[in-house]
Amino acid sequence: MSGLVALPLVVMLASSVAALAFLRYPKIQEAIALTGMVALVGAAGWLLAETWDGEILVLQAGNWPAPFGITLVADLFASIMVMLAAIVGLAATMYSVGTIDADRERYGYYPLMNILVLGVCGAFLTGDLFNLYVWFEVLLVASFVIMALGGGRPQMEGALKYVALNLVSSVLFLSGVGLLYAATGTLNMADLSQRVAEAEADGYMTAVAMLFLTAFGIKAAMFPLFFWLPASYHTAPAPVAALFAGLLTKVGVYALIRVFTLIFTTDVGYTHTIILWLSVATMVTGVLGAVSHNDVKRILSFHIISQIGYMTLGLALFTPLALAGSIFYIGHHIIVKTNLFFIAGVIRRLGGSYELVHLGGLARSRPALAALFFIPAFSLSGIPPLSGFFAKFALVRAAAEEGEFVALAFVLGVGLLTLLSMTKIFVEAFLKPASGEAPAAPASPGFWHYAPIGGLAALTLVLGFAAEPFLSAATEAADQLMEPERYIAAVLGEPQ
Amino acid sequence: MELLLALTVGILYAAGLYLLLRRSLVKVIVGLALLTNGANLLIFTAAGLVRGRPPLVEAGENVPQAPFADPVPQALILTAIVIGFGLQAFAMALAYRVYRESGSEDVDSLRTTEDPSISLPKVEAAE
């Protein structure tokens, strides 16, 4: 049964290699990539079903017992993340079929998408810190190439900023791994958890923890390390921006949550207080950036930053309810944000621009699109009964229980500003009369646009109207994170 | 020996960070290369230096005799060198493309990704 943990990785590796073999035949590549993503959803679903009731699946690669070999671990949190990666991977591939040009396809767009998702799934499933670094590099290299594919000056400059900042982050991560190994002599995360807890509580571990916070903070786009994100994401084509926006920063958040619940929990009063105020600053600066811009993709990019703050806030509060809120928020955010970038692509196709000034009248000409935009946009702002409401409610309640009323006030205020900027897009692009600058014959979006948008919107509704099972899964995942003993026992065997 | 290597690591990090802050794109990439190598040396040094004791198992034994050099950091560094090499090659190719597209390798002139409606302070041309 434990081989199941590797199944998502095997599926993605197989489909990327198969797609690479048909580099000259875009139609076959599309078919392979779609099949691979559907298979990944299946594999992730199986994994999720096996871990749903709290079981932790462990695969020791090559049968080397932990902590000597590389371990793959699927607890409920990891399974949920793999499932989300599979869903948005499938949606982005579907959207790509209808929009990506022949040039990008010839240069291996689909295999790269598969490798990117492979790296993301690997990062979620690994139980070894150095292996996490390697998976990070796998997904980064794939994302670098996808980011730069297609050329054009803005995209090249965006890719350069993205690459440079992420390389710095990787170096910091690697330095942290080296220093941690020097102090503990192990890289297995379960083993590290025990060794770090036994280590002397001096400044060394806290310094190493801060290195990890900086490294993952860059990847997650936390304040004050987020500058690469709004400088790069909006330059990529819609399906690429959607996949990056949905998934990549969340890998950073996942890594933060993993190391700061499993390994660096000895000095919570210090580290998690820093994370708390960084989260608040991330929320506020992100949403202020969003409010000040008038370009749909830029607004959405800044909202990613703002919401990263919510996710790390749950980590900072460090209670089961707060972490459950974070996990639910991540799930809600990945689905909603990917969808909003898809819709931004359709808006551009219909209105010829991402600039709100040039847009208008879409509610009259495309009422269905307006309805589809309404669902994720107002879910993002946290309007009940959409999914964002439950995510924010859990966080607000956790903050109130912990007595962090300043953070709570910021959460609510930032929610209001989110609503403001979402309303701005809705009013400007959909409700106000058309400006007359729209292209004469807009390229009509087809099935490959509406299918992923509709599917993700339906998922948002399910997450909102039937939130109970998802919230209880998030709670169970959070309980597992708060009790690392279960993770350690699953990886290292019964406690000696 | 540890002290010497520690100083080298510090110099590599300092020089790498300094170059990262320069406006020339080429220097930024050289800075990244120095940082990567600094990190590799850091792992090597921090994990402890053992001279002339390779972790080889004698015939008839199960474990090598202590003290022996820890092979794990060396495996890590080997992996990191390969990854770093690939990334630097990619970064150089990308920088070349940026230069071809924009005709400049001054980082401050790469502003087409910024919002044109937000005014930026004027930048003097690099000497």
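Enter the accessible area per residue of the protein assembly as shown (Å², integer; probe 1.4 Å; all protein chains in place).
Details: 23970 Å² over 623 residues.
Accessible area per residue, the protein assembly as shown: 38 Å².
Taking the 1.4 Å solvent-accessible surface of the range A:47-91 as the whole, the part contributed by carbon and sulfur is 64%.
Can you give the charge dipole size of the range A:282-465 about its Cα centre, rounded to the nearest 20 debye, using +1 on the beta carbon of Lys and Arg and -1 on the beta carbon of Asp and Glu? Before the final figure, lay out the partial values.
Numbers: 11 positive and 7 negative charges, 94 e Å.
Dipole of the range A:282-465, to the nearest 20 debye: 440 debye.
Over all other residues within a Cβ to Cβ distance under 12 Å of A:Ser193, the charged ones net out to -1, with Lys and Arg as +1 and Asp and Glu as -1. Decide, for the range A:40-188, between rounded, prolate and oblate: order the square roots of the alpha carbon gyration tensor eigenvalues as a ≥ b ≥ c, take rounded if a/c falls under 1.5, and otherwise choose prolate if a/b is larger than b/c, else oblate. Judged from the Cα gyration tensor, the range A:40-188 comes out oblate (a/c at least 1.5, b/c at or above a/b).
Using R0 = 56 Å, the C-beta based FRET efficiency linking B:Tyr18 and A:Ala371 works out to 0.55. Over 23 Å apart at the Cα level, from the set A:Lys392/A:Lys424; A:Lys27/A:Lys161; A:Lys161/A:Lys392, are A:Lys27/A:Lys161; A:Lys161/A:Lys392.
Using R₀ = 35 Å, calculate the FRET efficiency as 1/(1 + (r/R₀)^6) where r is the Cβ-Cβ separation of B:Lys27 and A:Ala31; round to 0.05. Approximately 0.15, to the nearest 0.05.
Grab the eigenvalues of the alpha-carbon gyration tensor for the protein assembly as shown, scale each by 5, take roots, and send me the semi-axes largest first in whole angstrom. Present the calculation step by step, with values, prior to reporting the outcome.
Numbers: eigenvalues 292, 163, 119 Å².
Working through the eigenvalues yields semi-axes of 38, 29, 24 Å.
Interface size, chains A and B: roughly 3000 Å² of accessible area buried, both sides included, 1.4 Å probe, rounded to the nearest 100. With 10 Å² as the minimum drop in accessible area between chain alone and full protein complex (1.4 Å probe), the qualifying residues in the range A:128-150 are A:Phe130, A:Tyr133, A:Val134, A:Glu137, A:Val141, A:Phe144, A:Val145, A:Ala148. Taking the Cα atoms of chain B, the ratio Rg/Rh between the radius of gyration and the Kirkwood radius comes to 1.19. Of the chymotrypsin sites (Phe, Trp or Tyr not before Pro) found in the range A:50-153, the ones in coil according to DSSP and having at most 16 other Cβ atoms within 10 Å of their Cβ are A:Trp52, A:Phe68, A:Tyr107. Take the Kirkwood radius over Cα pairs of the range A:282-465, plug it into Stokes-Einstein at 25 °C and 0.890 mPa s, and you get 148 µm²/s for translational diffusion. Within a straight-line Cα-Cα reach of under 20 Å, A:Lys337 can be paired with the following aspartates and glutamates, leaving aside sequence neighbours fewer than 8 residues apart in one chain: A:Asp295, A:Glu355, A:Glu428.
The values are calculated or read from the model by the stated rules, or taken from the named source; none is laboratory data. Model, not experiment: these values are computed from the prediction. Glycine also receives a Cβ, built like all others from the backbone with ideal geometry; neighbour counts cover every protein chain displayed. Heads up: the accessible areas ignore ligands, DNA and RNA and are worked out on the full protein's heavy atoms, side chains in. Shrake-Rupley method; radii C 1.70, N 1.55, O 1.52, S 1.80 Å.
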